[in-house]
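Taking it in order: structure first as structure tokens, then the write-up.
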Amino acid sequence: MGVTTFKQEYSSSVAPSRMFQALIIDSRTLIPKLLPQFVKEVNLIQGNGEAGSIEQVNFSEAGPFKYLKHRIDELDKDNLVCKYTLIEGDPLGDKLESVAYEVRFEATDDGGCLCKMSSNYNTIGEYQVTEEEVKEGRESTIGIYKVVESYLKENPNVYA
């Protein structure tokens, strides 16, 4: 098994606690509400939403994937860090065993935040994941962050 790591950052003018609450804690309800054209539903299929829980994301018929399952490995609400692993679903294909993610929200001097994301692609055999292969997924993630950020700016009392 090989491991390939990619990192990316996203700057937001929204406070880190609000972004964390929206994107991590309440994502099961908020993401399908804001992006119904892509995400049909997010269900907690094991656990209570804390570490060890498993979520299943069911995508709309319009997308290239049917579903995926994430296991929440760590949920640190005090430090605004979430670690989770993609353990099952169409995005893994036949070359990936899993993808481990770490998302951390850090305060910036302007009252906003810097979201730091790390993705470890655990491959089957000696396969090497390229930047080009993960580009679409990374762009989709940033797209979701932008939609959530806009929603929070339009609704300043949500998670305030």
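Just so you know, all these numbers are worked out from the coordinates, no wet-lab data involved. Since we're looking at a predicted model, the values are computed, not measured. Glycine also receives a Cβ, built like all others from the backbone with ideal geometry; neighbour counts cover every protein chain displayed.
What the table below lists for this structure:
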| item | result |
| --- | --- |
| On Cα atoms only, tilt of 131-154 relative to the major axis of the chain in degrees | 20 degrees |
| Loop trypsin sites (Lys or Arg not before Pro), segment 79-160 (other Cβ atoms within 10 Å of the site Cβ: 16 or fewer; DSSP) | LYS95 |
| Correct option for mean projected area of the Cα convex hull in nm² [calculated from the coordinates] among (i) 9.2; (ii) 10.1; (iii) 10.9 | (i) |
| Pairwise label distance in nanometres, ILE124 with GLN8, each label 7 Å out on the Cα-Cβ vector | 2.5 nm |
| For the chain, the longest site-free run once GluC sites (Glu not before Pro) in DSSP loop states with at most 10 other Cβ atoms within 10 Å are removed | 62-125 |
| Restraint check, LYS95/LYS146; LYS66/LYS153; LYS40/LYS153, Cα-Cα greater than 28 Å | LYS95/LYS146; LYS66/LYS153 |
| Radius 13 Å from Cβ of PHE6, net charge of other residues (Lys, Arg +1; Asp, Glu -1) | -3 |
| TYR101-TYR151 pseudo-label distance in nm [points 7 Å out on the Cα-to-Cβ vector] | 1.4 nm |
| Most fluctuating residue given options ILE45, ILE72, ILE87, as computed from a GNM of the chain linking Cα atoms under 10 Å | ILE45 |
| Per-residue ³J(HN,Hα) for segment 44-59, Karplus 6.51 cos²θ - 1.76 cosθ + 1.60, θ = phi - 60°, Hz, x for Gly and Pro | 7, 9, 8, x, 10, x, 8, 3, x, 6, 10, 10, 10, 9, 9, 8 |
| Pair ASP94, ALA160: separation of 7 Å Cα→Cβ label points (nm) | 5.4 nm |
